[in-house]
1. Can you spot a residue in segment 329-352 that is within 15 Å of ligand 1 (Cβ to nearest atom) and touching a Pro at 6+ places or on another chain (Cβ under 7 Å)?
2. Restricting the search to segment 168-197, which residues are touching a residue at least 12 places away in the same chain (Cβ under 8 Å), over 23 Å from the mean Cα position of the chain (by Cα) and either outside any loop (DSSP other than H, G, I, E, B) or surrounded by 12 or more Cβ atoms within 10 Å (Cβ to Cβ) (or both)?
3. If we scan segment 439-454, do we find a residue that is aromatic (Phe, Trp, Tyr), more than 17 Å from GLY317 (Cα to Cα), surrounded by 21 or more Cβ atoms within 10 Å (Cβ to Cβ) and modelled with pLDDT of 95 or more?
4. Regarding segment 151-167, can at least one residue be identified that is of a type in the set (A, V, I, L, M), within 16 Å of ligand 2 (Cβ to nearest atom), surrounded by fewer than 16 Cβ atoms within 10 Å (Cβ to Cβ) and touching a residue at least 24 places away in the same chain (Cβ under 8 Å)?
5. Only residues that are of a type in the set (D, E, K, R) and more than 16 Å from ligand 2 (Cβ to nearest atom): list them for segment 170-212, please.
6. Please indicate, with yes or no, whether at least one residue in segment 428-438 is more than 14 Å from ligand 1 (Cβ to nearest atom) and either aromatic (Phe, Trp, Tyr) or at pLDDT below 95 (or both).
7. Looking at segment 254-271, I want the residues that are within 15 Å of TYR368 (Cβ to Cβ) and have a partner that is surrounded by 15 or more Cβ atoms within 10 Å (Cβ to Cβ) and of a type in the set (Asp, Glu) with Cβ atoms under 6 Å, at least 6 apart or on another chain. Which pairs are those?
8. Which of the residues belonging to segment 335-360 are under 30 Å from GLU409 (Cβ atoms) and buried (at least 18 other Cβ atoms within 10 Å of the Cβ)?
Amino acid sequence: MEKIKYVPIKTLFEKAEEYIGKKVDVKGWVRSRRGNKYVQFVALNDGSTIKSLQIVFDLAKFSDDDLKDITTGSSIHVQGQLVESQGKGQTIEVQAEELEVYGTSDPETYPLQKKGHSLEFLREKAHLRPRTNTFAAVLRIRHALAYAIHKFFNDKGFYYFHTPLITASDCEGAGAQFQVTTLPLNDLPTDKAGNIDYSKDFFGKMASLTVSGQLEGELGATALGCIYTFGPTFRAENSNTPRHLSEFWMIEPEMAFYEIEDNMDLAEEFIKYCINYALEHCKDDIEFLAEHFDKELPARLKFVVDNDFVRLPYSEGIKILEQSGKKFEFPVYWGVDLASEHERYLVEDHFKKPVILTDYPKEIKAFYMKLNEDGKTVRAMDVLFPKIGEIIGGSQREENFDKLRTRMEELGLEGMEWYLDTRRFGTVPHSGFGLGFERLVLFVTGMQNIRDVIPFPRYPKNCEY
Ligand code: 4AD
Ligand code: MG
C-alpha cells in the first residue's frame with residue numbers, strides 16, 4: 001500500500017471538505033457488513049467517534065474471496081477515495097481501492113455479534129464491551145469529564161495534590177477499608193497477648209487502601225491554599241446497589257479560608273461546569289445514548305445547569321419527608337441517615353431540582369465536620385441529584401483544636417497527631433467536598449448502573465481482569 005498519513009475517522013467527518021476527493025487511509029474494527037452481489041458496505045469504527053465510516057467495496061474490483069475475512073469484529077486497513085455519500089444515513093464514504101486485513105474474527109465465537117445485547121450480558125464481557133457503541137460513548141464522555149475537572153480547577157488556580165492510596169488512617173471512620181498486608185495469612189505472627197503483630201508487617205503497622213484523600217488533602221490546603229485530589233478510592237462495604245463500587249474515583253477539593261457557603265457555591269459551579277462541558281464537547285455521544293436508552297437525558301442535563309440548586313437544612317428536609325404522606329420503606333425521623341428513597345423524594349418529587357442538604361446531626365457524619373452553635377448538628381453539605389441521590393458529600397471542617405480533639409477522643413481515634421497539627425499550628429477555617437466521579441458519569445450518560453460507567457468495575461464477589 002501507498003504511504004498515506006492515517007487520520008482518525010473523527011477527523012474525516014469533522015474536516016470532510018478537506019478530504020473529499022482525496023485518497024485516504026483508514027483503519028478500524030468492522031461493526032457490520034451488508035450488500036448484494038455488486039457491492040458490499042462495511043461500517044468501520046476506530047473508536048475516535050460514535051460514527052462509523054461506510055466503506056464501499058465494488059465487487060467488480062474485489063472478489064468474494066478478497067472480502068471473506070471482513071466479518072463483525074475483524075480489523076482492517078483500507079485505502080480509497082473519500083466521497084460524498086449517495087446513501088441515506090451518512091454524509092461521506094470511502095470507495096475502497098486497497099484492503100489489508102489485520103486480524104480476523106470468527107463469527108461463530110466473537111461475543112459481540114448481535115446488535116442489542118443487554119447491558120447485563122455485556123457486563124459479563126467487560127473486556128470487550130468498549131468495542132460496542134454504547135460503552136465507547138460512555139468512555140469518551142468519561143474522558144471528557146475527567147479533562148473538564150482538571151481544567152476547571154487549574155483555571156481557578158487550584159493545585160492538583162497527590163494523596164496516598166495506601167494509608168494507616170481511616171478518613172470516614174466507617175470501617176469499610178481493604179487491608180494491605182504482606183503477612184502470611186495462614187501463619188500470622190502474634191504478640192504475647194495473641195494479637196496480630198503488625199510490627200512484622202510490610203509497613204510495620206496496620207495499613208489499608210484509602211477511602212478518601214481528604215485528611216492528607218487538608219494538609220495540602222493549609223499550605224497551598226486551594227487544592228484538589230483526583231484518584232481512586234476503595235470501600236469494602238458490602239453494597240450491591242446500582243450506585244456503589246468497591247473501587248471508585250473521587251475528586252476532593254479542599255480550600256483554606258472557605259466557609260460552608262463558599263463550599264456550596266463552588267460545588268454548584270463545579271458540577272454545572274462539568275455537565276456543560278460534556279454537553280458542548282460530547283454532543284454525538286450524548287445524542288446516541290439519549291436515542292437508545294433515555295430520551296429525557298439532554299433535557300435533564302440542561303435543566304440542572306440552568307437552575308439554581310435548592311439549599312435546605314436537614315431538619316427542614318425531615319419535616320418535608322414527614323409531612324409528605326408517602327410510605328417509605330425506611331422510616332423517617334430526626335437523626336436518621338437518609339436513604340436513597342428519601343433523597344430522591346426531595347429532589348424528584350418535592351423540589352424537582354438538585355438539593356444541597358446542610359447541617360446534619362453530628363452522629364451520622366464524620367468526626368472532622370465543624371460543630372454548629374446548637375451543639376447537635378454539623379456544617380455538612382450533601383448535594384442530591386435526580387436519579388442518583390447523593391453525588392457530593394462535604395463540609396466545613398472543625399478548625400478548633402480542642403473541639404476536634406474532644407470529638408476524636410469520643411470516637412476513639414488515635415495516632416493522628418499529624419492531622420491535629422493542622423489545627424495546632426496556624427489553624428484556619430477551611431472546607432471541602434468529595435464528588436464521586438462515577439456518579440457524575442452516571443448522571444451525564446443517563447446509564448442506570450454504576451458498573452457500566454467504569455471500564456473494569458469492582459464490586460462484591462467480582463474482580464475480573
Ligand atoms: O460522602 P463521602 O463518603 O465523603 C467523603 O469521603 C469525604 N471525605 C469527602 C470530602 O469532604 N472531601 O463520599 C463522597 C462521594 C459521595 O457523595 C459519592 O458521590 C461518592 O463519593 N461515593 C461513592 N461512589 C461510588 N461508590 C461508592 N461506594 C461510593 N461511596 C461514596
Ligand atoms: Mg456521604
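1. yes
2. Residues satisfying the conditions are ALA168, SER169, GLY173, GLN179, VAL180, THR181, LEU183, ILE196.
3. So far as segment 439-454 goes, yes, one or more of its residues are aromatic (Phe, Trp, Tyr), more than 17 Å from GLY317 (Cα to Cα), surrounded by 21 or more Cβ atoms within 10 Å (Cβ to Cβ) and modelled with pLDDT of 95 or more.
4. no
5. Scanning segment 170-212 gives ASP187, ASP191, LYS192, ASP197, LYS200, ASP201, LYS205.
6. no
7. Pairs found: GLU254/GLU218.
8. Selection gives LEU338, LEU357, THR358, ASP359, TYR360.
The values are calculated or read from the model by the stated rules, or taken from the named source; none is laboratory data. Keep in mind that what you see is a predicted model, and the values were worked out from it rather than measured. FYI the Cβ positions are ideal-geometry reconstructions off the backbone, even for glycines, and counts take in every protein chain you see.
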